[in-house]
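Quick notes on the structure that follows.
The values are calculated or read from the model by the stated rules, or taken from the named source; none is laboratory data. This is a predicted model, so every value here is computed, not measured. Using ideal geometry, Cβ is built from the backbone for each residue, glycine included, and neighbour counts are taken over all protein chains shown.
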Amino acid sequence: MRKTKFSNDNYYHIYNRGTEKRQIFLDNSDHARFIHYLYEFNDEKFDPNISRKIERGFASFIQRPRELLVEIIAFCLMPNHFHLILRQIKENGIAKFMQRLGTGYAMYFNKKNERTGVLFQGVFKSILIENDNYLTHLSRYHHINPVELIEPNWRKEGIRDWNKVNNFLENYRWSSYLDYIGNKNFPSLINKEIINSYFQTEGSYKNFINQWLNKDLEVIKDIILE
């Protein structure tokens, strides 16, 4: 049972990985389904009976009045784990949202791959983000995280080729980074206001990403998934 008490208007780093560090996203359709669920399950009025009739992929978001459980500030999907930054706006909103997300995606994944058993490594993990410095640095870490797919040792050795990295990140759809630099990807999914309030322009946020140094890991070392 989860002991964390989530409070409204606080920001939390939420993350989980596949059991035994196994992959939980095998192809683009898996990423798309998870993102669809990020949108669909974030609704106090969520109706599973309607949901069962909607099987058209991530582009078919249900257009109806919604009562959000959480604000999704940032997200990043990796082959065997995911990161979210959430702000709770409804009482018990994070717990309800994550229960739906974990159960719904595991059912989808198991059915698709004809498997049984648990998909995730226990209950999702959560850490309170206590100040603005953590929040901005953590968003940056999340958005740089996919670099490990092309430079596996970037955390230890630094980023060797920023041109290559920027090109890769600007073509990686499965995080909120594109929306933060002004390239609409999943604009209806996230709330960018809090992060954007620290930067004058979308170009400023991109510069913030490019100013990453390995010492920045020290700022958030206790709230990252390794």
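Determine which member of the set Ile127, Ile73, Ile62, Ile85 is closer than 13 Å to His13 by Cα and at pLDDT below 95. Write out each step before concluding.
Details: Ile73 fails: at pLDDT below 95; Ile62 fails: closer than 13 Å to His13 by Cα; Ile85 fails: at pLDDT below 95.
None of the others qualify; the one that does is Ile127.
Would you point out which residue out of Ile195, Ile220 is assigned to a helix (DSSP H, G or I), buried (at least 19 other Cβ atoms within 10 Å of the Cβ), out of contact with any Ser or Thr (no Cβ under 9 Å at 6 or more places or on another chain) and among the β-branched types (Val, Ile, Thr)? Steps first, please.
On the way: Ile195 fails: out of contact with any Ser or Thr (no Cβ under 9 Å at 6 or more places or on another chain).
From the options Ile195, Ile220, the qualifying one is Ile220.
List, please: which pairs have Cβ atoms under 8 Å, are six or more places apart or on different chains, and start with a residue in segment 26-40 that is closer than 14 Å to Leu189 by Cβ and of a type in the set (D, E, K, R) and end with one that is part of a helix (DSSP H, G or I) and at pLDDT 95 or above?
Listed by first residue and then by second, the contacts come to Arg33/Tyr105; Arg33/Tyr108.
Between residues in segment 186-200 that are at positive phi and residues that are surrounded by 16 or more Cβ atoms within 10 Å (Cβ to Cβ) and not β-branched (Val, Ile, Thr), which pairs lie under 6 Å by C-beta distance while being six or more apart or on different chains?
Short answer, once both residue conditions are applied: none.
Given the condition in contact with a Gly (Cβ under 8 Å, 6 or more places away or on another chain) and touching a residue at least 40 places away in the same chain (Cβ under 8 Å), answer yes or no: does some residue in segment 96-114 qualify?
To start, the set of residues in segment 96-114 that are in contact with a Gly (Cβ under 8 Å, 6 or more places away or on another chain) comprises 110.
Right, trim to touching a residue at least 40 places away in the same chain (Cβ under 8 Å) and you get none.
Looking for residues that are in contact with a Gly (Cβ under 8 Å, 6 or more places away or on another chain) and touching a residue at least 40 places away in the same chain (Cβ under 8 Å), one finds none in segment 96-114, hence no.
Based on what the data block shows, is Phe46 modelled with pLDDT of 95 or more and either hydrophobic (A, V, I, L, M, F, W, C) or in the same structural domain as Tyr108 (by TED's automatic domain parsing) (or both)? First the steps, then the outcome.
On the way: modelled with pLDDT of 95 or more: no; either hydrophobic (A, V, I, L, M, F, W, C) or in the same structural domain as Tyr108 (by TED's automatic domain parsing) (or both): yes.
So Phe46 does not fit the description; no.
Since Trp154 meets every condition but one in (1) under 21 Å from Leu38 (Cα atoms); (2) of a type in the set (Phe, Trp, Tyr); (3) modelled with pLDDT under 95, which condition does it not meet?
(1)
Filter segment 88-120 for residues that are in contact with a strand residue (DSSP E or B) (Cβ under 9 Å, 6 or more places away or on another chain), more than 20 Å from Tyr12 (Cβ to Cβ) and part of a helix (DSSP H, G or I) and give the result.
Passing the criteria: only Ala106.
Would you mind stating whether Ile209 is aliphatic (A, V, I, L, M), modelled with pLDDT under 90 and under 18 Å from Tyr134 (Cβ atoms)? Can you show your working first?
Details: aliphatic (A, V, I, L, M): yes; modelled with pLDDT under 90: no; under 18 Å from Tyr134 (Cβ atoms): yes.
So Ile209 does not fit the description; no.
On the basis of being within 21 Å of Ala74 (Cβ to Cβ), assigned by TED's automatic domain parsing to the domain that holds Met107 and assigned to a helix (DSSP H, G or I), does Phe34 make the cut? Before you say what the answer is, go through the steps one by one.
Numbers: within 21 Å of Ala74 (Cβ to Cβ): yes; assigned by TED's automatic domain parsing to the domain that holds Met107: yes; assigned to a helix (DSSP H, G or I): yes.
Answer is yes for this residue.
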